[in-house]
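These notes concern the structure reproduced below.
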């Protein structure tokens, strides 16, 4: 699996880099099989819609429990009709609830500043060398650790709080397939009562997880 195969797959399906890498990995590097894999997962169908303008949608508010944690999230769709759809509104609420529980810092991998990524790669590379791993496999080990780094930071890469066998991105992809429009999470803000003040913070993430029955 090389960059040429990833580039071809992206051009032919419109799928994102991480989805293309996953598809090629699952298909032994065969582009045609990878296309079939993406289609079977609904990714190719969703990716074709991803280039369409999504300028409608909702700013959805989620307040957890007694008001100790709150989330505002903007989710975009193509039409106001879909934005008023119950399925779309339920999706917005699920995403906001996930943000409350999992505390991402960015929406997607591309949003993480290059300086932050470079610093983390440098730290992980040094750790790998100190662990005595051979230089020629160090970069592959770092790539694996960077994947975990992005899962921790990026909303779309995180395991979905209501079903950790899926990522949030997969949940969005499935929603696009059901609803039939391009759907994008544009931005979010997460507020925690007393955050930054000098007092003990409760484990709000665990509290939210218990609420949705995944703890």
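The values are calculated or read from the model by the stated rules, or taken from the named source; none is laboratory data. What you are looking at is a predicted structure, and each value in this text was computed from that prediction instead of being measured. All Cβ positions, glycine included, derive from the backbone under ideal geometry; neighbour counts span all protein chains shown.
State all residues of the range 89-98 that are surrounded by 19 or more Cβ atoms within 10 Å (Cβ to Cβ) and more than 17 Å from residue 160 (Cβ to Cβ); if no residue qualifies, say none. The answer is none; no residue qualifies.
The combined condition, being out of contact with any strand residue (DSSP E or B) (no Cβ under 8 Å at 6 or more places or on another chain) and either under 28 Å from residue 73 (Cα atoms) or modelled with pLDDT of 90 or more (or both), is not fulfilled by residue 143. Mind checking whether some residue in the range 157-167 is buried (at least 16 other Cβ atoms within 10 Å of the Cβ), free of Cβ contacts under 8 Å to residues at least 60 places away in the same chain and in a helix (DSSP H, G or I)? Scanning the range 157-167, I find no residue that is buried (at least 16 other Cβ atoms within 10 Å of the Cβ), free of Cβ contacts under 8 Å to residues at least 60 places away in the same chain and in a helix (DSSP H, G or I), so the answer is no. The listed residues are 177, 194, 132, and the only one of them that is part of a loop (DSSP other than H, G, I, E, B), surrounded by fewer than 20 Cβ atoms within 10 Å (Cβ to Cβ) and assigned by TED's automatic domain parsing to the domain that holds residue 77 turns out to be 194. The residues listed here are 34, 54, 15, 44; of these, the one that is at pLDDT below 85, touching a helix residue (DSSP H, G or I) at 6+ places or on another chain (Cβ under 9 Å) and in a loop (DSSP other than H, G, I, E, B) is 15.
Yes or no: the range 72-83 includes at least one residue that is farther than 22 Å from residue 159 by Cβ and either modelled with pLDDT under 75 or part of a loop (DSSP other than H, G, I, E, B) (or both). The answer is yes; a qualifying residue exists.
Taken as a whole, the condition of being out of contact with any helix residue (DSSP H, G or I) (no Cβ under 6 Å at 6 or more places or on another chain) and either assigned by TED's automatic domain parsing to the domain that holds residue 172 or more than 20 Å from residue 189 (Cβ to Cβ) (or both) does not apply to residue 125. Return yes or no: is residue 149 modelled with pLDDT of 85 or more and either touching a helix residue (DSSP H, G or I) at 6+ places or on another chain (Cβ under 9 Å) or surrounded by 15 or more Cβ atoms within 10 Å (Cβ to Cβ) (or both)? Judged against the criteria, residue 149 is a match.
With respect to residue 187, determine if the residue is under 30 Å from residue 85 (Cα atoms), at pLDDT 90 or above and either within 17 Å of the chain's Cα centre (by Cα) or in a helix (DSSP H, G or I) (or both). Yes; evaluated as a whole, the condition is true for this residue. Screening 101, 83 for residues that are crowded, with 16+ Cβ neighbours inside 10 Å and in contact with a strand residue (DSSP E or B) (Cβ under 6 Å, 6 or more places away or on another chain) leaves exactly one candidate, 83.
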